[in-house]
Amino acid sequence: EKKKLLPVLEKKAAEMTRLRTDAAAGLEERIISELAYLDMKGVTFSVEILPVQGGFTPRGADRVEFLISTNKGEPLKPLAKIASGGELSRVMLALKALLARRMQLPTILFDEIDTGVSGRIADAMGEIICTLAETMQVVDITHLPQVASKGSTHFVVYKRDGETHIARLTPDERTTEIAKMLSGSEVTEAAMTQARILLGGKQSPSVA
């Protein structure tokens, strides 16, 4: 029975390898394009398909490893070993955004995917997340005002008496919460003004 099954497994595994190889080049191009938008210009990204030792696994006869070079002229190395926190956040967002679009997911959750970034890069990440929300429901947990301000509906998570609570914010409350992200617990008028600018004059909640 095993001898009869082996050719079938080999054929299926070969087909999976072919599909992965065909998809790899397109994925590399799209990731590099997304990363350039996220201020990682000159980055090299490669999808390496390697044979699995010992034959087959439930996922075929090979494994996939992502390689990256963040500086021009440097050799490609495994993503998990060389990327900084901010770089890894940007690569993960690019990957998840592409996969979400490809799979046509109805909902996607980002839990502090913007860790390690700030300023213009945070704003660019917020734009990508906001674009995803045009075709699917997006729930984004963030501490960055540039990202949070892109949302159309806002919730705040807080603890009281040892219990975790979540509350939906009114338009005025979300302006105050964005201001807190900018200035800390003491909200200044300057922070409130900047929060209104970031929110772009949005007045009615309609998910970040």
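What to note about this one:
- Projecting the Cα positions of S118, A167, L95 onto the charge dipole of the chain (unit charges on Cβ atoms of Lys, Arg, Asp and Glu, taken about the Cα centre) puts L95 furthest along the positive direction.
- Annotation: for a label point projected 7 angstrom from Cα along Cα→Cβ of L5, residues of segment 22-60 with backbone N closer than 17 Å are 55-60.
- Mean separation of Cα contacts under 8 Å (6+ apart) over length of segment 1-71, as relative contact order %: 31
- Furthest towards positive pole of dipole, L38, P58, T193, structure part the chain, Cβ charges: P58
- Calculated [θ] (222 nm, deg cm²/dmol) that DSSP helices of n ≥ 4 give over the chain, each run adding -39,500 (n - 2.57): -16000 deg cm²/dmol
- Over the C-alpha atoms of the chain, the Rg to Rh ratio, Rh being the Kirkwood estimate, stands at 1.09.
- Per residue, the solvent-accessible area of segment 74-133 (1.4 Å probe, heavy atoms of protein chains only, all protein chains present) comes to 53 Å².
- Ligands, DNA and RNA left out, the accessible area of the chain computed with a 1.4 Å probe is 55% carbon and sulfur.
- Student exercise, the chain dipole from Lys, Arg, Asp, Glu Cβ charges, in Debye to nearest 20: 840
- By accessible area with a 1.4 Å probe, ligands and nucleic acids excluded, highest first: order of F110, F155: F155, F110
- Accessible-area order (highest first, 1.4 angstrom probe) of the listed residues Y158, Y37: Y37, Y158
- Charged side chains reduced to their Cβ positions (Lys and Arg at +1, Asp and Glu at -1) give segment 38-100 a dipole of some 80 debye around its Cα centre.
- All Cα pairs of segment 125-208, percent lying beyond 19 Å: 37
- Only Lys, Arg (+1) and Asp, Glu (-1) charged, at Cβ; segment 1-89 dipole about Cα centre in debye: 480
- Gyration tensor analysis over the Cα atoms of segment 1-93 returns equivalent ellipsoid semi-axes of 33, 13, 10 Å (largest first, whole Å).
The values are calculated or read from the model by the stated rules, or taken from the named source; none is laboratory data. The shown structure was predicted, so the numbers you read here are calculated from the model rather than taken from an experiment. Methodologically, a virtual Cβ is constructed for each residue, glycine included, from the backbone with ideal geometry; neighbour enumeration extends over all protein chains shown. Each accessible area value is taken on the protein alone, full model and side chains, heavy atoms only, with ligands, DNA and RNA left out. Shrake-Rupley method; radii C 1.70, N 1.55, O 1.52, S 1.80 Å.
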